[in-house]
Amino acid sequence: VESEDKFERIGGSSIGGGTFWGLGALLTKTKRFDELLQLASKGQHSSVDMLVKDIYGGSYGYLGLTGDLIASSFGKSATADKEFSKEDMAKSLLHMISNDIGQLACLYAKLHNLSRVYFGGFFIRGHPVTMHTITYSINFFTKGEVQALFLRHEGYLGAIGAFLKGAEEDNPNQYSWGENYAGSSGLMSVSPDMNPMQRARSGTFDMLEMDRLERQLVNLPLLQDPSSYIPDTVDLIEDAQAREYWLYCFEEALDGVVKRAVASQPDIPEAAERAEKFRQKYRHKLQTLRHQPFAYGSLTVRSLLDTREHCLNEFNFPDPYSKIKERENDIALKYYQKAVKSLEELSWEDRQFALVRGVLAGNVFDWGAKAVSEVLESNPEFGFEEAKRRLEERPWLIDSFDQWLERLKGPPHRCALFFVDNSGVDIILGVMPFVRELLSRGTEVVLASNSGPALNDVTNSELQILTERIAAMDPVIESALREDSLTLIQSGSSSPCLDLSRLDKVLAMVVRERQTDLVIIEGMGRAIHTNYYAMLSCESLKMAVIKNSWLADRLGGKLFSVVFKFLPSCVFGHH
């Protein structure tokens, strides 16, 4: 497969899951597929199979064969007089078929120069024994050059594909799909015995819940290499230390989220009951992930945040921060004119620094970060000036401000795409003055904000209203809106993080038409948890304050350290 519409069938085999089931049934008189796998997981194949050491008495070093290698599947059964146990036969059969599939897959991969093989089909169905055997054989045959990958819900790929195809034919290319983590089930537990209820309860079915997103999502045209773009900075499946920390962190934050949800619906008596159900559901997901990090395919800070949003929605808390956002917007709007006036009194160079510091200080106001939400709870007047004082002094943890300043002395950018973050002080006193400066330089600005609510992030519909209110007191913003040099477009996302390969098609179109040559990404979720390493084909600016002490420590800084990362355009890898 090269792309959605470019693929080719290069071969196959008649030996597969059906063979395992059929022969297994004949050998063990067991008709149920799951029972066969359960037998296999208890069996020893070496009592049935002939191993290299059975022939040579040990390893055959001269040819590089280890003693435990299977020389002949079922090789002992021809000569031995004894009966073999069902478990041992099932295990031997599983090895035989998995190894065969593995070897075939490797040969095809080598023939076509491929380094990744995905295994689908009902044979595997999330069973660890099978996945382990196939992975082992792939590693063995290719000495680790080819990677074996597995698909969640792979027993139902055909059904899912048929459904999507039919749905798309009804109205082609008008929307995209997203998995809903609240409704989808994860992979089953590692051993059927560890949690027998899990299989009994769901029989052999999984749940896959998808949301039909209103719009079609596409790549940001400015990604340097869409095929190798990975949004997430840390893979929590591989990094056990980070995984432990973040799972603990999300568990710790749960009480606060529940309280916030209940408080957001004060006049609804059963809100508390729904919030409790949300707590149970999300906690259960976190516990599952502790034992099986791969239960939902990938595991990242982004997937943990998105799962939380999905679960809140599931129990009808679509926007727990709506009241807080309104209150903070009202407070920040009162200071807007004063903030702009004090910036205008500065010299050009001082102003550029003050604007950046303003965006960073504004970015401290974030209810998603524990260190900050505690300050905001106890001291709601926690001021913009106070936030500036908390910021780390230069040189920052990552500091390319001097390069940015140099760049600003050059010609203005044609068009800047700005991915914004929080409501209130962040967007109004941090981002807007910064945008205003870009506009006065003659740069067009596209503000991309979330399509739907997540935490206290500003949504596109909220930003429309805010911008109108700012325009009413600021002629610069007012004329920019009127002349369309300031445009507001939804990003297509409802996540506190940012996946640049799934953006609203309209946004991608505007980015292209306006020949955007600067992308600005702000905030911890969008610029650090995701896109920290993202390579763009134009200039990019990533600005964030690290509002989590563990993460600060990990990156070699401290709480409220600053990341200010300006990258010139990476055209063909040259800077």
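The values are calculated or read from the model by the stated rules, or taken from the named source; none is laboratory data. None of these values were measured; they are calculated from a predicted model. Every residue, glycine among them, receives a Cβ derived from its backbone with ideal geometry; neighbour counts consider all protein chains shown. To get the accessible areas, we keep the full protein, side chains included, count just its heavy atoms, and leave off ligands, DNA and RNA. Shrake-Rupley method; radii C 1.70, N 1.55, O 1.52, S 1.80 Å.
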In the range 38-134, with Lys and Arg counted as +1 and Asp and Glu as -1 at Cβ, which of these residues, M131, G43, S72, has the Cα nearest the positive end of the dipole, that is, farthest along it? M131
Solvent-free Debye scattering, log10 I(q)/I(0), computed from the Cα coordinates of the range 213-303 at q = 0.14, 0.22, 0.23 Å⁻¹: -0.72, -1.03, -1.06
What are the residues whose amide H is under 5 Å from the amide H of L149, where those residues sit 5 or more places off or on another chain and H is modelled from the backbone? V117, Y118, F119
Evaluate the Kirkwood expression for the hydrodynamic radius of the range 491-530, namely the inverse of the mean inverse distance over all pairs of different C-alpha atoms, and round to one decimal in Å. 11.0
Taking the Cα centre of the chain as the origin, how large is its charge dipole in debye, to the nearest 20, when only Lys and Arg (+1) and Asp and Glu (-1) carry charge on their Cβ atoms? 1080
Most positive-pole-ward Cα, L151, A508, V425, against dipole of the chain from beta carbon charges: L151
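Note down the relative contact order for the range 265-395 as a percent, whole number, built from C-alpha pairs under 8 angstrom at least six residues apart.
Details: 43 pairs, mean separation 21.1, N = 131.
Relative CO of the range 265-395 lands at 16 percent.
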Value of D in µm² per second that Stokes-Einstein yields for the range 390-547, Kirkwood Rh from Cα pairs, at 37 °C (0.692 mPa s): 205
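Any chance you could run the full-extension gain for K31 through M473? It's 0.36 nm times the residue separation minus the Cα-Cα distance, nm to one decimal. Intermediate values should be presented prior to the final figure.
Working: separation 442, 0.36 × 442 = 159.12 nm, distance 7.60 nm.
Gain on extension, K31 to M473, equals 151.5 nm.
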Could you state the per residue volume, in Å³, of the convex hull enclosing the Cα atoms of the range 399-459? 91
Filtered hits (lysines, Cα-Cα < 17 Å from K91, offset >= 8 within chain) -> K29, K31, K42, K76
Let me see the pair-distance distribution of the range 457-559: every alpha carbon pair, 5 Å bin width, integer percents in order. 2, 10, 16, 20, 19, 15, 10, 6, 2, 0
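Over 19 Å between Cα atoms, which of K341/K388; K341/K547; K53/K110; K325/K370; K53/K86; K370/K558 qualify? Present the calculation step by step, with values, prior to reporting the outcome.
Details: K341/K388 17 Å; K341/K547 29 Å; K53/K110 29 Å; K325/K370 17 Å; K53/K86 24 Å; K370/K558 15 Å.
Cα-Cα > 19 Å for K341/K547; K53/K110; K53/K86; rest within.
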For the range 64-163, go through all pairs of different Cα atoms, get the mean of 1/r, take its inverse, and jot down that Kirkwood value in Å. 15.2
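First compute the accessible area of the range 89-161 with a 1.4 Å probe, then give the percent of it belonging to carbon and sulfur atoms. Intermediate results must be reported in sequence, preceding the final value.
Numbers: 2130 of 3520 Å².
Carbon-and-sulfur percentage of accessible area, whole number: 60.
Normalised radius of gyration for the range 201-353, please: alpha carbon Rg relative to 2.2 N^0.38 Å, two decimal places. Numbers along the way, then the final one.
Values: Rg = 21.0 Å, N = 153, 2.2 N^0.38 = 14.9 Å.
The reported ratio for this selection is 1.41.
What FRET efficiency would be calculated for the residue pair N139, K370, taking the C-beta separation as r and a Förster radius of 41 Å, to the nearest 0.05? The partial results should precede the final answer.
Working: r = 41 Å, r/R0 = 1.00.
That gives a FRET efficiency of 0.50.
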Separation in nanometres of the label points that stand 7 Å from Cα toward Cβ, at Q224 and L149: 2.1
Looking at the chain, send over the antiparallel percent of its DSSP beta bridges, to the nearest 5. 45
So how far, in whole Å, is the C-alpha centre of the range 511-543 from the one of the range 473-500? 15
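Compute the semi-axes of the equivalent ellipsoid of the range 331-457, taking the square root of 5 times each eigenvalue of the Cα gyration tensor, and list them largest first in whole Å. Please list the in-between numbers first.
Numbers: eigenvalues 120, 61, 44 Å².
Three semi-axes, in Å: 24, 17, 15.
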Once every Cα of the range 218-263 carries one equal point scatterer and solvent is ignored, give the base-10 log of I(q)/I(0) from the Debye formula at q = 0.21 Å⁻¹, two decimals. -0.76
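In Å², what does the accessible area per residue of the chain work out to with a 1.4 Å probe?
On the way: 27830 Å² over 575 residues.
For the chain, the per-residue accessible area is 48 Å².
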Which ³J(HN,Hα) values, rounded to whole Hz and listed in residue order, are derived for the range 131-145 from phi using the Karplus coefficients 6.51, -1.76 and 1.60 in 6.51 cos²θ - 1.76 cosθ + 1.60 with θ = phi - 60°, glycine and proline given as x? 4, 5, 5, 5, 4, 4, 5, 4, 4, 5, 6, 10, 6, x, 7
Contact order relative to length of the chain, as percent, for alpha carbon pairs under 8 angstrom and 6 or more apart: 12
PRE zone check, label point 7 Å out along Cα-to-Cβ of R394, amide N under 16 Å, scope the range 534-573, hits 542-544, 562-567
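Per DSSP H run of n ≥ 4, the term is -39500 (n - 2.57); total these for the chain, divide by its residue number, and report the mean residue ellipticity at 222 nm rounded to 500 deg cm²/dmol. Show your work: numbers first, answer last.
Working: 20 runs with 256 residues, N = 575.
Rounded to the nearest 500, it is -14000 deg cm²/dmol.
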If I model a spin label as a point 7 Å beyond the Cα along the Cα-Cβ vector, how far apart are those points for Q515 and D239 in nm? 3.9
Just the number, please: carbon plus sulfur as a percent of the accessible area of the range 387-462, 1.4 Å probe, no ligands or DNA/RNA counted. 48
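With +1 assigned to the C-beta of every Lys and Arg and -1 to the C-beta of every Asp and Glu, and no other charges, what is the dipole magnitude of the range 285-388 about the Cα centre in debye, to the nearest 20?
Values: 14 positive and 17 negative charges, 66 e Å.
Taking the Cα centre of the range 285-388 as origin, the dipole is about 320 debye.
Mean 1/r over all different Cα pairs, inverted: what Kirkwood radius does the chain give, in Å? Write down the numbers at each step before the final one.
Details: mean 1/r = 0.0372 Å⁻¹.
So the Kirkwood estimate lands at 26.9 Å.
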Computed label-point distance, nm, for sites F353 and F122 using a 7 Å Cα→Cβ extension: 7.0
